[in-house]
Amino acid sequence: MSDAQALVDAHHHVWDLDVRPQPWLDEPGHEPIRRTFRSHDLRSAATLPIAGRRLTSTVVVQCITSVPETRDLLALADSDPLIGAVVGWADLTSPAIGDVLDDLRTGPAGRYLRAVRHVVQGESDPHWLQRPDVARGLRAVGERGLGYDVLVRSHQLPQAIRLAERLPELPLVLDHAGKPPIARRELTDWAHQLRMLARHPQVRCKVSGLITEADHENWTVDDIRPVWDVLLSAFGPDRLMFGSDWPVCLLAGEWNRWASTVEELLAGCSATEIHAVLAGTATAFYRLTPAPTKEGTPCS
C-alpha cells in the first residue's frame, strides 16, 4: 500500500487484565472497558475507512506507571506488524532515568520506543512538569532522540506551555488536544491556552480522545466541530494527527463512529492536508515510514 493510502491511528491502548491489573479501570464509569483488549480486537473494531484509507499502522501508548508494561508493548510491536511505534513509560524523576531509557532502547524490540509519557493529568502538583527532577528526566528523553507525549487536562495546559518554553529542543505531542471541556461547552479558556501552546513549533497535537470529553450518550459531530476548528487554525494540518484512543473511546462511541466523525471534519481539506492528519504528521513524529510531500488547496 502506498503512503498516499496510509491511515495511522496515533493513539491506542491494549491491556490484559490476567497479566497486569489496570487500577484506573476500577474508577466509576469505566465498567464498559473493564476487560482485556488486545491488538486483534482493534483490527476487528477498525473496519471503516477514512477518506478511502483503511488502517495500516498504529502507535500503542502506555496506560500505567510500569516499565514492565513498556517492555510488553515493545514485544507486542515486534510481533504485530500493525503496531509501528510505542509510547512507553519510565520514571522521569529518577536519577537513573538515562540508564532505564538506554536499557529499554537497546533491549529486545527497543527500536520501537519512539516516545515516553507520564499521566500528568493525575498529578496534584500544579507545577509537576516544571519540577527540576522532571526537567532533568525530560532532557534525558530528548538527548536519546525520543519524543514526549503530554497528557494533561485543560486546566493544566499552562504547565505544557511552560514546558515548551523551557525545552524548545524536545519534540512534544499534546494528547487528546488537552482534553477540552466539550460537555460543559466551556471552550474559551482551553482555546486560549491551546493557541499559546501551538506557538511553539516543536509541538504537535493529537485529534483524539474528544468524544469522551463530550456527552457520552448524546454527542454529535457538531459538538466536536468547534474544537476541530480551533485545532486546525492553531496548529494547521501538518501538526495534527488522528488518534482513536481505543478502547477508552468505547465509553462514548465505537472506533468506526469516531472515524466517520473525523471524515466529516476533514471535508473542507485538500488531499495533502488529509494525508497530513491521517498519516503524515504521525509518521514523521514517530518515525514510522517516509511521508511524502504533496501539493494541494488549503482547508476551507
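The values are calculated or read from the model by the stated rules, or taken from the named source; none is laboratory data. These numbers were taken from a predicted model, which means no experiment stands behind them. Backbone-built Cβ (ideal geometry, glycine too); neighbour counts: all protein chains shown. Areas reflect the complete protein model, heavy atoms only, side chains present, ligands, DNA and RNA absent. Shrake-Rupley method; radii C 1.70, N 1.55, O 1.52, S 1.80 Å.
Within the stretch 162-175, can you find the residues that are open to solvent by less than 10 Å² (accessible area, probe 1.4 Å) and in contact with a helix residue (DSSP H, G or I) (Cβ under 8 Å, 6 or more places away or on another chain)?
First pass over the stretch 162-175, keeping only residues open to solvent by less than 10 Å² (accessible area, probe 1.4 Å): 163-164, 167, 170, 172-175.
Within the stretch 162-175, Leu163, Ala164, Leu167, Leu170, Leu172, Val173, Leu174 qualify.
For residues that are open to solvent by 20 Å² or more (accessible area, probe 1.4 Å) and part of a loop (DSSP other than H, G, I, E, B), scanning just the stretch 35-51, find the one that is nearest to Asp149 (Cα to Cα).
So the residue we want is Arg38.
With the checklist (1) free of Cβ contacts under 8 Å to residues at least 12 places away in the same chain; (2) in a helix (DSSP H, G or I) in hand, flag the one item Pro81 doesn't pass.
With (1) free of Cβ contacts under 8 Å to residues at least 12 places away in the same chain; (2) in a helix (DSSP H, G or I) applied to Pro81, the lone miss is (2).
Can you find even one residue in the stretch 88-97 that is within 26 Å of Glu263 (Cα to Cα) and touching a Ser or Thr at 6+ places or on another chain (Cβ under 9 Å)?
There is no residue in the stretch 88-97 that is within 26 Å of Glu263 (Cα to Cα) and touching a Ser or Thr at 6+ places or on another chain (Cβ under 9 Å).
Every residue in the stretch 137-174 that is assigned to a helix (DSSP H, G or I), in contact (Cβ under 8 Å) with a residue 40 or more places away in the chain and farther than 30 Å from Arg184 by Cβ, please.
Of everything in the stretch 137-174, those that are assigned to a helix (DSSP H, G or I), in contact (Cβ under 8 Å) with a residue 40 or more places away in the chain and farther than 30 Å from Arg184 by Cβ turn out to be Gly137, Leu138, Ala140, Val141, Glu143.
Go through Val67, Val86 for me and flag whichever is more than 30 Å from Leu265 (Cα to Cα) and either modelled with pLDDT of 95 or more or crowded, with 20+ Cβ neighbours inside 10 Å (or both).
Working: Val86 fails: more than 30 Å from Leu265 (Cα to Cα).
Exactly one residue qualifies, and that residue is Val67.
So which residues in the stretch 52-78 are part of a loop (DSSP other than H, G, I, E, B) and within 15 Å of Arg20 (Cβ to Cβ), if there are any at all?
Listed by number, the residues that qualify are Gln62, Cys63, Ile64, Thr65, Ser66.
State all residues of the stretch 95-116 that are β-branched (Val, Ile, Thr), surrounded by fewer than 22 Cβ atoms within 10 Å (Cβ to Cβ) and within 16 Å of Asp72 (Cβ to Cβ); if no residue qualifies, say none.
Matches in the stretch 95-116: Val100 only.
Within the stretch 1-34, can you find the residues that are assigned to a helix (DSSP H, G or I) and either over 20 Å from the mean Cα position of the chain (by Cα) or buried (at least 19 other Cβ atoms within 10 Å of the Cβ) (or both)? So that I can check it myself, show each step before the final result.
Here is the first cut: in the stretch 1-34, the residues assigned to a helix (DSSP H, G or I) are 3-5, 23-26, 31-33.
Within the stretch 1-34, Asp3, Ala4, Gln5, Pro23, Asp26, Glu31, Pro32 meet the criteria.
What residue, of Leu172, Leu157, is at pLDDT 95 or above and in contact with a strand residue (DSSP E or B) (Cβ under 7 Å, 6 or more places away or on another chain)?
Leu172
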